[in-house]
Amino acid sequence: MAGAVLMVSGSKGGVGKSTVCMSLVHYEQKRGRDLLLIEADTANPDVGKVYGKSIETLYLNLDEKEGWMDLANRLAEQPEKTAIINTPARSGEGVKLYGTLLSESLEELHRELVTLWIINSQRDSLQLLKEYLDCMPVGTTHVLRNLYHGPERKFELYNGSKIRETIEVKGKTLNFPDVADRISDQLHSDRSTIEAVIANAPLGNRAEVNRWVKECATVFEQVAP
Ligand SMILES: Nc1ncnc2c1ncn2[C@@H]1O[C@H](COP(=O)(O)OP(=O)(O)OP(=O)(O)O)[C@@H](O)[C@H]1O
Ligand SMILES: [Mg+2]
């Protein structure tokens, strides 16, 4: 069966796309999936820096048409791999201009697109999501409230929104767990993989990563095909 294409997006800067993407890579690795990582953040390819050595990684610029063409070509060449895409902030413009290159290719390849849309509690997260849904009608989009930005009730703009109803016709709304700063620093500053953090951490830190990884898994098992 052809592998799914998992796109981690959110368009906004700093909402937690890379953090979600790293934990998704870890989750898919642990369940034995053969992965292709697509690092589309040309300015700060942080997921590529962490996982590029251990996982086959393609660096693409999805602001340009060529990037989308290369993405479709690669998905066609490696149908068995589960593809995980880390997108940069402000990726909406590229999707608007060239997203059909992907949606049409996926239909032809019979590969499923799952988008994880990461939000913080601010309004522009929702506007960008609306724009994304308009130009990427294929696949399923799930919204992840990143609890790093506060508890579930702080997401009141999303919680009571029309766009939430639209999402939940096909997709889900889930909470992505917060992890202690010292752990996320190891991913973002030391460029350690989650596995390396677990292997090298002292007991208390390890307990925290293990808790987080487990909570992430309960989120991902609801959305990953
Ligand atoms: N769930 C979380 N737990 C702990 N820290 C988090 C979490 N989500 C995000 N952060 C923190 O917020 C910062 C920004 O997160 P991240 O780099 O994942 O966001 P991004 O959306 O990928 O940003 P960019 O738009 O710059 O690519 C990180 O340095 C991390 O420390
Ligand atoms: Mg990022």
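Looking only at residues in region 116-145 that are more than 15 Å from ligand 2 (Cβ to nearest atom) and within 18 Å of I38 (Cβ to Cβ), the one that is surrounded by the most Cβ atoms within 10 Å (Cβ to Cβ) is T141. For N73, are the conditions met, namely being open to solvent by 50 Å² or more (accessible area, probe 1.4 Å), within 16 Å of ligand 1 (Cβ to nearest atom) and over 17 Å from L6 (Cβ atoms)? Here the answer is no, as N73 does not meet what is asked.
A residue that is among the hydroxyl-bearing types (S, T, Y), under 18 Å from L113 (Cβ atoms) and not in a loop (DSSP other than H, G, I, E, B) can be found somewhere in region 79-90. Scanning region 12-57 for residues that are charged (D, E, K, R), under 17 Å from Q78 (Cβ atoms) and more than 10 Å from ligand 2 (Cβ to nearest atom) yields E28, R33, D34, E56. Going through (1) buried (at least 18 other Cβ atoms within 10 Å of the Cβ); (2) outside any helix (DSSP H, G or I); (3) in contact with a Gly (Cβ under 8 Å, 6 or more places away or on another chain) one by one, G94 falls short only on (2). Being open to solvent by 10 Å² or more (accessible area, probe 1.4 Å), among the hydroxyl-bearing types (S, T, Y) and farther than 27 Å from I198 by Cα holds for only one residue in S54, S105, S11, S18, and it is S105.
Is it the case, given these coordinates, that I183 is crowded, with 18+ Cβ neighbours inside 10 Å, touching a residue at least 60 places away in the same chain (Cβ under 8 Å) and touching a helix residue (DSSP H, G or I) at 6+ places or on another chain (Cβ under 9 Å)?
So I183 fails the test.
Residues in region 116-156 that are within 18 Å of G94 (Cα to Cα), within 16 Å of the chain's Cα centre (by Cα) and part of a helix (DSSP H, G or I): S125, L128, L129, Y132, L133.
Could you tell me whether L24 is within 15 Å of V223 (Cα to Cα), at pLDDT 95 or above, away from ligand 1 (no atom under 14 Å from the Cβ) and crowded, with 21+ Cβ neighbours inside 10 Å?
Values: within 15 Å of V223 (Cα to Cα): yes; at pLDDT 95 or above: yes; away from ligand 1 (no atom under 14 Å from the Cβ): no; crowded, with 21+ Cβ neighbours inside 10 Å: yes.
Taking the combined requirement at face value, the residue does not satisfy it.
The values are calculated or read from the model by the stated rules, or taken from the named source; none is laboratory data. For clarity, every value in this text was computed on a predicted model and none was experimentally measured. Note that each Cβ is placed from the backbone with ideal geometry, even for glycine, and that neighbours are counted across all protein chains shown. For accessibility, only protein heavy atoms count, side chains too; no ligands or nucleic acids. Shrake-Rupley method; radii C 1.70, N 1.55, O 1.52, S 1.80 Å.
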